[in-house]
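Only one structure is covered here, and it is reproduced in the block below.
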Amino acid sequence: MIPVTHRQQKEGNFAADFQRLKNAVLAKRFVLKEIIESHKDMIVVGAAPDPLVARELIKQLNPDVITLDVEMPRMDGLGFLEKLMRLRPMPVVMISSLT
C-alpha cells in the first residue's frame, strides 16, 4: 500500500496520491481473492471496505473464516477482532498491508 502522508497532501497532488492509494488497496484485495479462490475448496463470499460493513456481511453470509487487515478505516483490525471474538468466535487470518 502507498501511504498518503500529511506532507504528500500539502506538497503533492492529493487526488493523484489518493488514487494510487485506492488502486493499491483494490489490487491487494484482488490478489488475495485470486489466491484464496485458486484452491478448489475455497470461495470468497464477500468483501468489506471497513469493519462496520464487515460486521453486517458476517451476519448475512456466515463465513467459515475471515481475513482481516490490521489497518482499516473507521476502526483498527485488532479492535474489531477483539469485539468479533466476544460476540462470534470464528477463525480469522490477520493480514498486514504494512509489511
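Brief remarks follow.
- Scanning the stretch 36-51 for residues being assigned to a helix (DSSP H, G or I) and either of a type in the set (Gly, Ala, Ser) or closer than 20 Å to Glu82 by Cα (or both) gives a total of 1.
- Count of the stretch 52-78 residues, restricted to those that are in a helix (DSSP H, G or I), in contact with a strand residue (DSSP E or B) (Cβ under 9 Å, 6 or more places away or on another chain) and either basic (Lys, Arg) or under 15 Å from Ser96 (Cα atoms) (or both), is 2.
- Residue list for the stretch 13-52, restricted to those being of a type in the set (Lys, Arg) and at pLDDT 80 or above: Lys33, Lys40
- Residues of the stretch 33-77 that are under 16 Å from Val93 (Cβ atoms) and of a type in the set (S, T, N, Q): Ser38, Thr67.
The values are calculated or read from the model by the stated rules, or taken from the named source; none is laboratory data. Remember, predicted model here, so these are calculated numbers, not experimental data. With ideal geometry, Cβ positions are generated from the backbone for all residues, glycine too; neighbour counts draw on all protein chains shown.
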